[in-house]
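The values are calculated or read from the model by the stated rules, or taken from the named source; none is laboratory data. Remember, predicted model here, so these are calculated numbers, not experimental data. Note that each Cβ is placed from the backbone with ideal geometry, even for glycine, and that neighbours are counted across all protein chains shown. With ligands, DNA and RNA removed, areas are computed over all heavy atoms of the protein, side chains included. Shrake-Rupley method; radii C 1.70, N 1.55, O 1.52, S 1.80 Å.
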Amino acid sequence: MAAYVILDVTVNDQAGYEEYKKLGAPTIAAYGGRPIARGGKTEVLEGEWRPRRMIMIEFKDAEAAKRWWGSPEYSEAKKLRHASAVTNAVLLEGF
């Protein structure tokens, strides 16, 4: 069953976040992931949630997504993201 990593990111340091993207993006494909949406316009349809920068990444299953999330390659990029942004992230199993 496909699985999706969905992130809502508030960037506090644009230069640092750009470095994160350079380091993090290649790790997605290395673990079989595929970006579905990244940084596009969002529109709130209901509720109080005010997302900032949304990213959705598809993996073949939840285990593949978790391997990527916990990988040594992505952990280096994650440090940059933590230093330059505040993130909420979920793993959603799909169809």
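Scanning region 52-88 for residues that are open to solvent by less than 50 Å² (accessible area, probe 1.4 Å) and farther than 17 Å from Gln14 by Cα turns up Ile57, Glu58, Phe59, Asp61, Ala62, Ala64, Ala65, Trp68, Ser71, Tyr74, Ser75. Is it true that some residue in region 33-44 is surrounded by 15 or more Cβ atoms within 10 Å (Cβ to Cβ) and at pLDDT 95 or above? Within region 33-44 (the criterion being surrounded by 15 or more Cβ atoms within 10 Å (Cβ to Cβ) and at pLDDT 95 or above), the answer is yes, since at least one residue qualifies.
Just for region 27-63: of the residues that are within 17 Å of Glu93 (Cβ to Cβ) and among the acidic types (Asp, Glu), which one is nearest to the chain's Cα centre (by Cα)? Explain how you work it out, then say what you get.
Filtering region 27-63 down to residues within 17 Å of Glu93 (Cβ to Cβ) leaves 31-34, 36, 56-63.
Still in the running and among the acidic types (Asp, Glu): 58, 61, 63.
Values: Glu58: 10, Asp61: 16, Glu63: 16 Å.
Out of the qualifying residues, it is Glu58.
Can you give me the number of residues within region 30-51 that are part of a strand (DSSP E or B) and either over 27 Å from Gln14 (Cβ atoms) or of a type in the set (S, T, N, Q) (or both)? I'd like the intermediate steps shown before the answer.
Initial filter on region 30-51 (part of a strand (DSSP E or B)): 34-38.
In the following step, the residues that additionally are either over 27 Å from Gln14 (Cβ atoms) or of a type in the set (S, T, N, Q) (or both) were identified as none.
Adding up the residues that qualify gives 0.
Among the residues making up region 64-91, those that are closer than 19 Å to Arg34 by Cα, in contact (Cβ under 8 Å) with a residue 40 or more places away in the chain and over 12 Å from the mean Cα position of the chain (by Cα) are Ala64, Ser71, Glu73.
In the set (1) assigned to a helix (DSSP H, G or I); (2) in contact with a strand residue (DSSP E or B) (Cβ under 6 Å, 6 or more places away or on another chain); (3) loosely packed, with under 14 Cβ neighbours inside 10 Å, the condition left unmet by Lys22 is number (2).
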